[in-house]
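The values are calculated or read from the model by the stated rules, or taken from the named source; none is laboratory data. Since this is a predicted model, take the numbers as computed values, not measurements. Positions of Cβ are generated from backbone atoms using ideal geometry, with glycine treated the same way; all protein chains shown enter the neighbour counts.
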Amino acid sequence: MSDRQQVVRDCYDAYARSDRSLIEPHISEALRFYSPRDDGIDRDTYFERCWPGHEMFSGYEFKRLIEDGDDVVVTYEATRVNGTRFRNTEVLTFDADDKVARVEVYFGWDLT
């Protein structure tokens, strides 16, 4: 596994552990975060808007982790603390300092 793939795993692990200190060193100051609900928000807004969601997740199972140039594409199945699950795909782009500088979230679906 590459260093960048491990960084991606560590970022999701931070959510599962509810430990922001695990993700902060990996996120660029110049972060841009995109999702169907977020149009290129910056790092501060990401932590204000998205980080509080960590309380909803208890774990992630990686289905796909593909490195292509500066991108790591990850498909995961997440488990919410209430036991329900869902699947998403995200593209994390790294900068020259090997920090996550861009995230694109593609919402998947609920799992049974």
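Before moving on, here are some points about what is shown:
- On the stretch given as region 88-106, residues that are over 15 Å from PHE47 (Cα atoms) and among the basic types (Lys, Arg) total 1.
- Considering region 55-67, the residues that are at pLDDT below 95 and not aromatic (Phe, Trp, Tyr) include one that is nearest to ARG4 (Cα to Cα), namely GLY59.
- Boolean, TYR34 is in contact with a strand residue (DSSP E or B) (Cβ under 8 Å, 6 or more places away or on another chain), modelled with pLDDT of 95 or more and part of a strand (DSSP E or B): yes
- ARG85 over 20 Å from LYS99 (Cα atoms) and at pLDDT below 95: no
- Residue in region 44-59 that is within 13 Å of ARG102 (Cα to Cα) and surrounded by 15 or more Cβ atoms within 10 Å (Cβ to Cβ) present: yes
- Selection within region 68-105: residues that are outside any strand (DSSP E or B) and of a type in the set (S, T, N, Q). The member of this set that is farthest from ASP3 (Cα to Cα) is ASN82.
- Region 10-34 - residue that is surrounded by 16 or more Cβ atoms within 10 Å (Cβ to Cβ) and touching a Phe, Trp or Tyr at 6+ places or on another chain (Cβ under 7 Å) and, of those, nearest to GLU67 (Cα to Cα): TYR12
- Per-region count, region 87-112, residues in contact with a Leu (Cβ under 7 Å, 6 or more places away or on another chain) and exposed (fewer than 15 other Cβ atoms within 10 Å of the Cβ): 0
- Filtered residues of region 79-102 (kept if in contact with a helix residue (DSSP H, G or I) (Cβ under 8 Å, 6 or more places away or on another chain) and touching a residue at least 40 places away in the same chain (Cβ under 8 Å)): LEU92, PHE94, ASP98, LYS99, VAL100
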